[in-house]
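Rule-based calculations on the coordinates, nothing more; no lab input. The shown structure was predicted, so the numbers you read here are calculated from the model rather than taken from an experiment. All Cβ positions, even for glycine, are placed from backbone atoms using ideal geometry, and neighbour counts span all protein chains on display.
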């Protein structure tokens with residue numbers, strides 16, 4: 001084996017990770033501190049404050065889990081679900097389904113409210129299912145990474161007219177790219193990841209828990225099986241008690257801190273607008289080339305853009321050409337959408353005009369080289385128009 | 001809040017993390033790849049090969065868990081333990097106790113075989129407890145980080161004369177510093193961390209599972225609750241199936257790969273000898289100053305060296321002085337050993353003559369400044385003698 005590893009410089013336009021600003025990478029080179037060093041505690045405090053701003057919450061229990069987004073999902077479900085309780089799970093994509101699977105693993109009787117992948121949820125059906133059940137937990141994936149669908153998390157809190165409930169929201173592909181508004185939307189528990197809208201490398205999962213969520217956790221008959229993801233023990237390390245739990249991945253947290261600081265410097269509103277405009281330019285370009293988006297405009301994510309693969313195009317061949325010839329990574333479809341869509345992530349540092357124009361040009365060339373009739377230059381031109389108008 | 005974070009350059013001589021070679025940090029700056037990129041798969045394959053060498057095993061299922069050492073512990077226990085089964089757990093320190101706690105969380109009826117913290121286990125008692133039980137799992141912490149005790153993992157396999165058993169070994173503070181010899185010692189499942197003997201930053205947990213361990217996992221009546229740490233699903237991502245599970249912390253794995261490559265360049269034997277000599281020099285120095293080690297010579301770790309705090313010395317004040325005045329981090333005692341020992345880690349890149357001499361000098365000055373009679377220069381001189389003899 002050679003002792004050197006020199007991966008190519010990819011433009012990361014898949015479902016995450018997205019590209020990382022050099023400033024964030026540089027932050028990881030600061031001297032390593034131990035997990036009980038008073039200076040590291042300052043870093044933790046800053047991360048908590050910054051995460052509260054990005055989650056738009058006053059929740060005290062807001063911190064990063066030392067694992068990826070999936071660990072964040074598991075942390076929320078494992079701590080909140082008790083054996084045999086009913087949980088309403090909204091499913092209109094791969095990640096909604098994953099939530100349902102994990103909830104079942106953690107002992108829930110899952111009541112699925114399903115819609116076709118790429119189609120909006122029927123909120124009346126969510127309400128009816130909740131009403132007929134004894135569920136005290138409802139979950140929704142804000143940004144369904146498998147389809148590019150944005151689900152209406154702002155409508156969840158009205159369920160409390162029926163009965164008090166703990167509302168869990170998956171913000172993996174929305175946090176830092178779309179407004180999540182934890183407090184405004186009455187969300188009790190949410191998890192995300194470091195490598196998408198936040199713009200840090202993969203490896204951490206920001207989470208937040210409301211007092212209502214913590215009350216439910218505190219009143220459990222038995223602690224959750226998981227020790228690594230036990231929120232009450234983790235809280236004793238992140239709060240002023242500073243009780244040792246595990247050796248924090250300090251360098252990853254340096255990177256997260258820097259990425260969050262960059263978000264606040266840019267400003268949340270400005271950042272959301274950037275993601276909105278980049279996505280709009282992308283859609284204009286894609287439609288200018290004669291291709292179609294999977295999701296209806298009013299439900300589209302800005303962070304993850306699903307393009308229908310034109311009939312006759314070879315999914316894998318196109319993606320492979322983009323990767324090997326243009327160093328552009330995009331995502332394939334999952335499950336029922338396999339071979340039917342390309343998933344283009346425009347998140348964090350990757351959400352830029354340059355990436356949209358380069359991708360559209362590269363896609364046009366790739367399709368033409370593979371014998372497809374694509375109007376020359378129309379995609380990039382349509383995208384540029386969006387930026388000109390501002 | 002200031003947007004800059006400039007932690008001091010610490011000499012990390014605590015229970016981990018240890019200092020990281022610049023080469024390992026540089027490896028993290030290679031371009032970020034997606035978790036399904038063919039080039040990233042090469043990196044994964046290399047990590048698996050290197051980890052097998054360091055674990056001294058041919059186990060196919062050998063990879064890094066995307067969490068810290070604690071996640072590795074949880075992965076081994078959660079996958080191997082089934083509801084209500086008996087598990088023999090050797091406990092002579094904080095981490096043995098943690099294994100017992102986690103095993104109970106995961107449904108085991110734990111049969112503890114205890115020794116005082118800092119005292120050796122009674123292997124006849126382990127055998128008797130195993131014999132009288134129906135246990136099919138026995139666990140032992142190789143390097144008890146809380147005391148500096150090395151436990152006799154090489155004696156575990158003789159338990160199979162009694163009955164077949166899955167042997168789980170905690171190698172968190174031994175892997176990369178002490179020989180672990182997974183195959184030679186008949187160990188079926190083991191976990192470690194990235195930030196101690198391996199010399200990478202904290203954030204990953206190397207694990208390995210034998211066919212015997214996998215058979216037990218495959219024959220479970222129900223899958224383990226944990227999805228994030230489900231070894232069979234993780235294996236589908238690490239093996240040639242490459243089934244997506246979670247977004248791999250790629251930069252952490254670049255660092256791990258580089259740290260493992262450095263280990264193989266140094267050579268395992270040479271590396272173990274370095275750790276042995278550094279520890280021997282440290283002990284000579286400490287004893288030269290008139291201080292005592294907690295653990296008897298034949299049971300001492302090289303990686304974690306527990307020094308008895310001399311009567312009258314102020315534990316916290318000494319550690320604080322070392323940290324703030326000399327930028328040296330060492331560990332305090334846990335539980336019954338709180339206030340009684342200092343734990344000095346000499347692991348990975350931190351295991352060096354320079355660190356031993358600097359630490360001994362700094363400790364001598366600190367103790368003298370705090371009114372202690374310590375013979376001047378005797379510690380460092382005694383340590384240097386060890387190196388002179390080779």
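Using the rule -39500 (n - 2.57) for each DSSP H run of four or more residues, divided by the residues of the protein assembly as shown, the 222 nm mean residue ellipticity is -12500 deg cm²/dmol. Taking 7 Å steps out from each Cα toward its Cβ at residue B:211 and residue B:317 produces label points 6.2 nm apart. Would you work out if the protein assembly as shown is rounded, prolate or oblate? Take a ≥ b ≥ c from the square roots of the eigenvalues of the alpha-carbon gyration tensor; rounded if a/c is under 1.5, else prolate when a/b is larger than b/c, oblate otherwise. Taking the square roots of the gyration eigenvalues as a ≥ b ≥ c, the protein assembly as shown is prolate. For the pair the range A:213-248 and the range B:284-298, the centres of their Cα atoms are 38 angstrom apart. Here the relative contact order of the range B:22-265, from alpha carbon pairs under 8 Å that lie six or more residues apart, stands at 28 percent.
Placing a label point 7 Å from the Cα of residue A:264 along the Cα-to-Cβ direction, the distances to the matching points in the other copies come to 4.4 nm, shortest first. The simple spin-label model puts a point 7 Å past each Cα toward its Cβ; for residue A:26 and residue A:83 those points are separated by 5.4 nm. Between the range A:151-196 and the range A:10-40, the alpha-carbon centres lie 26 Å apart.
Place the label 7 angstrom along Cα→C-beta at residue A:164 and in each other copy, then list the distances from the first to the rest in nm, shortest first. In ascending order, 5.2 nm. If you plug the beta carbon distance of residue B:5 and residue A:233 into 1/(1 + (r/R0)^6) with R0 = 22 Å, you get a FRET efficiency near 0.25. Classify the range A:320-384 from the C-alpha gyration tensor, please: rounded if a/c falls under 1.5, else prolate or oblate depending on whether a/b exceeds b/c. Taking the square roots of the gyration eigenvalues as a ≥ b ≥ c, the range A:320-384 is oblate.
Sorted from nearest, the other copies put their residue B:353 label points 6.0 nm away, the label point being 7 Å from Cα in the direction of Cβ.
Rounded to 0.05, the FRET efficiency of the residue A:265 and residue A:387 pair, given R0 = 22 Å and the Cβ-Cβ distance, is 0.50. Counting neighbouring Cβ atoms within 10 Å and putting the fewest first, the residues B:381, A:139, A:270 line up as A:270, B:381, A:139.
Note on chain A: GNM, Cα springs under 10 Å; of A:362, A:306, A:200, the largest mean-square fluctuation is that of A:362. Rounded to the nearest 10 degrees, the angle from helix A:69-80 to the longest Cα principal axis of chain A is 30 degrees. Could you please state, rounded to a whole Å, how far the C-alpha centre of the range B:326-373 is from the C-alpha centre of the range A:310-355? The range B:326-373 and the range A:310-355 have Cα centres spaced 54 Å from each other.
Counting Cβ atoms of other protein chains within 10 Å of each Cβ in A:326-335 and taking the mean gives 1. Shape index of the range B:267-389: Rg/Rh, with Rg the Cα radius of gyration and Rh the Kirkwood radius from the inverse mean 1/r over Cα pairs, equals 0.94. Which of rounded, prolate or oblate describes the range A:182-319 when judged by the alpha-carbon gyration tensor and an a/c cut-off of 1.5? Verdict is prolate for the range A:182-319. If R0 is 60 Å, the Cβ-Cβ spacing of residue A:183 and residue B:184 corresponds to a FRET efficiency of close to 0.60. For chain B, the share of DSSP beta bridges that are antiparallel, to the nearest 5, is 50%. Most simply put, the protein assembly as shown has about 50% antiparallel DSSP beta bridges, counting only bridges with both residues inside it. Compared with the dominant principal axis of the Cα atoms in chain B, helix B:268-288 is inclined by about 40°. Helix B:94-105 sits at what angle to the longest principal axis of chain B, using alpha carbons and giving 0 to 90 degrees rounded to 10? The two axes meet at around 30 degrees. Working from label points 7 Å from Cα in the Cα-to-Cβ sense, the residue A:292 to residue A:42 distance is 5.7 nm. Pairwise Cα distances in chain A exceed 32 Å for 35 percent of all pairs.
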